[in-house]
There are 2 protein chains.
Amino acid sequence: MPISLICHFGQFGWLSPEEKQAIRDAATRIRSFGPDEDLVSLGDHPTDCKLILSGYACAYKLLFDGRRQILSFQIPGDICDLPAFFLGRMDHAIGTLTSGNVAIIPHEVLLDLTQIYPRIARALSHSILVDAATAREWMVRLGRRTAYERTAHLLCELWLRLDAVGLTQGDNFKLPVTQARLADALGLTPVHVNRILKQLRESGLITLHGGTVKINDWDGLRNAGEFTPDYLYPGQNSRLQRPRSRVVPQPEPRGVRQEA
Amino acid sequence: MPISLICHFGQFGWLSPEEKQAIRDAATRIRSFGPDEDLVSLGDHPTDCKLILSGYACAYKLLFDGRRQILSFQIPGDICDLPAFFLGRMDHAIGTLTSGNVAIIPHEVLLDLTQIYPRIARALSHSILVDAATAREWMVRLGRRTAYERTAHLLCELWLRLDAVGLTQGDNFKLPVTQARLADALGLTPVHVNRILKQLRESGLITLHGGTVKINDWDGLRNAGEFTPDYLYPGQNSRLQRPRSRVVPQPEPRGVRQEA
DNA sequence: CGCACAATTGAAGCAGCTCAAAATAAGTGG
DNA sequence: CCACTTATTTTGAGCTGCTTCAATTGTGCG
């Protein structure tokens, strides 16, 4: 993906051309990544932000014995290590799911941007808050939904998020994610994910072939997962709509360092 | 709890006396609540924030058939509906667990405060980000830990959070929460929570009587839950330490309204 | 073609659930 | 302060959704 397209996605969708150009200029370089590597590791104190241009990543945490929980999927347009911009330290890791590339934006440059362009600060704030809302729904999914409901729900969420950044083709979307990784996201085993996907196929709700998901029956899938998209704040997250947040974060004056 | 104590807790622990007084003055009134009522409902567009002074509440979401997932516990010092200050709308509900009371702070007053006192803006921002980090650990708990591990982990977290606001007595803390509510937090059934608590008791890790938890074996409990407290950012969350965040949110100029 | 990884299927086990009842605690009105 | 009511905790027994273990089939790629 060319750098000129950096700001066509996600939370930057509703910025002005000037603001988008400022973000493009802020990217000091592009870094490509392969599948299954860590973009950011647990405990890191990054000094830059990574804006995903292409490819998919995920936020995750590990237990000592290797169990892994995926906390969110990171798609083009997402700044995958934005929490560390505010908190200074990563309390989780960011792993890639496919190959792709990211734009590197130094924290200090982003800081300046937020001071010059309040709407950019607003975009970052909004991203943090919508991520938190998505995490809340993720908790409900893990804690109180059956495997079948969970899977249906996640597929709905993925379609909607991908559609917001123009990465769907009608009812289809690419899901270049192994069933083992879906399992890590859903809190299930890979074997069971396989069986559930089979059920969803046999129910006629979806079709799966070659890493592409086709949603055949939107109402059915939405119903199966009891999916309501309000938590994604679609009216604001989408590039089709302008922001209406009343309140947003802005950076403080420089100089205070995070962590001893 | 008298209003003079409002700011002794939680994210306000490290503000200056002047800033604390400003928050005290911002509370237009105190409202008391009983157990098991909604402080804020799903879909609300609150115009004020509710700072818990005493008692316990929780954030939760319901499924249509009544299944409930508790997303976080809200303790004295927490502003339970802070996300709505930024996003305008509640994507979840806040229910009380005990009786208690809250200080009501109108959004517009809080907005002014954040503009006058950047450190207050920083405190709010920090609260949002630590809540998000806590949610990440909550997801791991729900998705990848066994019932025994989950319960041990949650008890560790609760002790630490309560201790940060001075609500522990040594290794003891009051947990005025029914097992059914613990179950909603842990993604389990009440019956199973009961059995797990029995196991924790019989392992000698905790003692339970009359709504009071005593942690007999900190190492054992920490180990059982594989608990590492870094996600709570204890160095900053505690009133014992001053903030070091580099970047914080501040409000934008007034006038832009949230939601159509 | 053949290697490595992913998807699929089967069979058996178990963690946690459901249903049901008893014991204990907590209110509550007299 | 007691008797009565109601909620909560506790325990048992059986069940099931998901897991574990293991083997087979399919698939992308050098």
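Just so it is clear, none of the values below were taken in a lab; they were calculated from the coordinates. Just so it is clear, the model here is predicted, and its values are computed rather than measured. Note that each Cβ is placed from the backbone with ideal geometry, even for glycine, and that neighbours are counted across all protein chains shown.
For the stretch B:1-61, which GluC sites (Glu not before Pro) pass both filters: DSSP loop (anything but H, G, I, E, B) and at most 11 other C-beta atoms within 10 Å?
B:Glu37
So the label point goes 7 Å from the Cα of A:Glu108 along Cα→C-beta, right? Which residues of the stretch A:5-40 then have their backbone N under 17 Å from it?
Only A:26-29 pass the distance filter.
If a/c stays under 1.5 just call it rounded; otherwise compare a/b with b/c (prolate if a/b is bigger, oblate if not). Do that for the stretch B:146-236, with a ≥ b ≥ c from the square roots of the Cα gyration tensor eigenvalues.
Rounded, since a/c falls under 1.5.
Set the Förster radius R0 to 30 Å, insert the Cβ-Cβ distance between A:His45 and B:Leu62 as r into 1/(1 + (r/R0)^6), and round the FRET efficiency to 0.05.
0.15
May I ask you to list the residues of the stretch A:18-38 whose amide nitrogen lies under 16 Å from a point 7 Å from Cα along the Cα→beta-carbon direction of A:Ile116?
A:18-29
Using a 7 Å offset from Cα along the direction of the beta-carbon, what are the separations from B:Arg195 to the same position in each other copy, nm, ascending?
Copy-to-copy label distances at B:Arg195, shortest first: 2.0 nm.
Taking each label point as 7 Å beyond Cα in the direction of the beta carbon, state the distances from B:Asp38 to the same residue in the other copies, shortest first, in nm.
List, nearest first: 4.3 nm.
How high is the relative contact order of chain A, in percent, with contacts defined as C-alpha pairs under 8 Å that are six or more residues apart?
It rounds to 23 percent for chain A.
Taking R0 as 30 Å, what's the FRET efficiency between B:Thr178 and A:Asp36 from their Cβ-Cβ distance, rounded to 0.05?
In this case the efficiency is close to 0.10.
How crowded by other chains is B:125-138, given as the mean number of beta carbons from other chains within 10 Å of each beta carbon?
For peptide B:125-138, the averaged partner shielding equals 6.
Taking the dipole about the Cα centre of chain B, with the C-beta of Lys and Arg at +1 and of Asp and Glu at -1, give me whichever of B:Gln169, B:Pro118, B:Gln179 is farthest to the positive side.
Going by the charge dipole, the pick is B:Gln169.
Quick one: pull the percentage of alpha-carbon pairs in chain B with a separation above 27 Å.
37
Net charge near A:Ile94: determine it from the other residues with C-beta under 15 Å of the C-beta of A:Ile94, scoring Lys and Arg +1 and Asp and Glu -1.
-3
What is the protein assembly as shown by shape, rounded, prolate or oblate, if you read a ≥ b ≥ c off the alpha carbon gyration tensor as root eigenvalues and call it rounded for a/c under 1.5, prolate for a/b larger than b/c, and oblate otherwise?
Judged from the Cα gyration tensor, the protein assembly as shown comes out oblate (a/c at least 1.5, b/c at or above a/b).
Across the residues of A:59-68, average count of Cβ atoms on other protein chains within 10 Å?
Partner Cβ neighbours, averaged per residue: 3.
Among A:Leu15, A:Thr28, A:Ser99, which residue has its Cα positioned farthest towards the positive end of the charge dipole of the stretch A:5-139, with +1 placed on the Cβ of Lys and Arg, -1 on the Cβ of Asp and Glu, and the dipole taken about the Cα centre?
Going by the Cα projections, it comes out as A:Leu15.
Quick check: the distance between the Cα centres of the stretch A:1-75 and the stretch B:84-111, to the nearest angstrom?
Cα centroid of the stretch A:1-75 versus Cα centroid of the stretch B:84-111: 32 Å apart.
Mind putting a number on the dipole of the stretch B:1-85 about its Cα centre? Charges go on the C-beta only, +1 for Lys and Arg and -1 for Asp and Glu, and I need it in Debye to the nearest 20.
Dipole about the Cα centre, nearest 20: 120 debye.
Taking every residue in B:94-105, how many Cβ atoms of other protein chains lie within 10 Å of its Cβ, on average?
Mean partner-chain Cβ count within 10 Å for B:94-105: 0.
Provide an ascending nm list, one decimal, of label-point separations from A:Asn172 to the equivalent residue in each further copy; define each label point as 7 Å from Cα along Cα→Cβ.
Copy-to-copy label distances at A:Asn172, shortest first: 6.6 nm.
Just to be sure I understand: with springs between alpha-carbon atoms less than 10 Å apart, which residue in A:Gln21, A:Gln74, A:Gln11 has the highest mean-square fluctuation in the Gaussian network model of chain A?
A:Gln21
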